[in-house]
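See structure below.
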Amino acid sequence: MKIDGLKLREAWGSSIVARREIKKFSGGALNPGTMANFDCLGTGPAGRFKVGRKVCYPIDEVISWMEDRTEEVG
């Protein structure tokens, strides 16, 4: 199954995704702790930034990152 970036973008209603909201954004496929680990390894979505103490990502970078890591099973 392909990720429908347009639907994700429209449903989210913001141009950024806070790391703590990644589970909600991804439908439970990703967890904030997992994203922190990817970021620490330098393999998380590009363009990560902070607003105060919260880590955020540009929505297009998160969608692209998810698409690059998605594979069909079965």
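How large is the dipole of the chain about the Cα centre if only Lys and Arg carry +1 and Asp and Glu carry -1, each at its Cβ, rounded to the nearest 20 debye?
Approximately 500 debye in magnitude.
Check each of the GluC sites (Glu not before Pro) in the range 9-74 and keep only those in coil by DSSP with at most 10 other C-beta atoms within 10 angstrom; list them in order. Don't skip to the answer; put the middle values down first.
Details: sites: E10, E21, E61, E67, E71, E72; in loops: E71, E72.
Qualifying residues, ordered by number: E71, E72.
What does the net charge come to around K2 if you take all other residues with beta carbon closer than 10 Å to its beta carbon, with K and R at +1 and D and E at -1?
Numbers: positive: none; negative: D4, E67, E72.
Cβ neighbours under 10 Å give a net charge of -3.
Pairs of alpha-carbon atoms within less than 8 angstrom and 6+ residues apart define the contacts here; what relative contact order does the chain have, in percent? Each step should come with its number before you reach the end.
Numbers: 76 pairs, mean separation 27.6, N = 74.
Relative contact order here is 37 percent.
At most 15 other Cβ atoms within 10 Å and a DSSP loop assignment: could you name the trypsin sites (Lys or Arg not before Pro) in the chain that fit? Provide the component values of the computation, followed by the final result.
On the way: sites: K2, K7, R9, R19, R20, K23, K24, R48, K50, R53, K54, R69; in loops: K2, R48, R53, R69.
Sites meeting the loop and neighbour criteria: K2, R53, R69.
Which of the lysines could be linked to K50 by a straight reach, that is with a Cα gap under 20 Å, when you skip same-chain ones fewer than 8 residues away?
Straight-line reach from K50, under 20 Å: K23, K24.
FYI, it's all coordinate maths here, none of it is from the lab. What you are looking at is a predicted structure, and each value in this text was computed from that prediction instead of being measured. So basically every Cβ, Gly included, is an ideal-geometry build from the backbone, and we count neighbours across all protein chains shown.
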